[in-house]
């Protein structure tokens, strides 16, 4: 399966988002891939509010079963959430459970005026009624495979398919 170029998708998203960026716009990226994408989009869009980063590990509905499978990061939201027009950024939208967890955590920080979900790729397979308002590409991912965003040493972003059980 040929995957789209992540750098091209990132530029496409930035162009799509430009008209939506205003004085109240703030952005939060979800660790890890969503944080990489958010860093790139934040710079391309020239958003003045500092970038927020979020690790939703403790808010996952499967935390008791999964535990921590990665090195947890600290959530950093260096702006007032109340009243902000928030762009919530993740790399791949799948079941919707990560986004649900992110919104649960986000409301611990305040009540934004709006939340728009921005994703590099939507692979389908939703288990919750969640959709992205801004999406770089919709892809059909074969059963048993996982779509992941990776970052090369030079900072270039790229998509890969891995076995579903890969960490």
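A short reminder: the numbers here are calculations on the coordinates, not readings from a lab. As the structure is a computational prediction, the values presented were derived from the model and not from experiment. In this analysis, Cβ positions are derived from the backbone assuming ideal geometry, glycine residues included, and neighbour counts consider all displayed protein chains.
Key figures
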{"quantity": "Calculated P(r) of region 1-53 - Cα pairs past 17 Å, %", "calculated": "36"}
{"quantity": "Chain lengthening between residue 16 and residue 156 when straightened (0.36 nm per residue, less Cα-Cα)", "calculated": "48.4 nm"}
{"quantity": "Taking only Cα atoms of the chain, radius of gyration then Dmax in Å", "calculated": "15.2, 43"}
{"quantity": "C-alpha center-to-center spacing [region 1-58, region 70-113] in angstrom", "calculated": "13"}
{"quantity": "Over region 98-165: Rg over Rh, Cα atoms, Kirkwood Rh", "calculated": "1.02"}
{"quantity": "Among beta bridges that DSSP assigns inside the chain, antiparallel share in %, nearest 5", "calculated": "30"}
{"quantity": "Efficiency of FRET from Cβ geometry, residue 138 and residue 74, R₀ 30 Å, rounded to 0.05", "calculated": "0.40"}
{"quantity": "The chain, relative contact order in percent, only Cα pairs under 8 angstrom and at least six apart counted", "calculated": "24"}
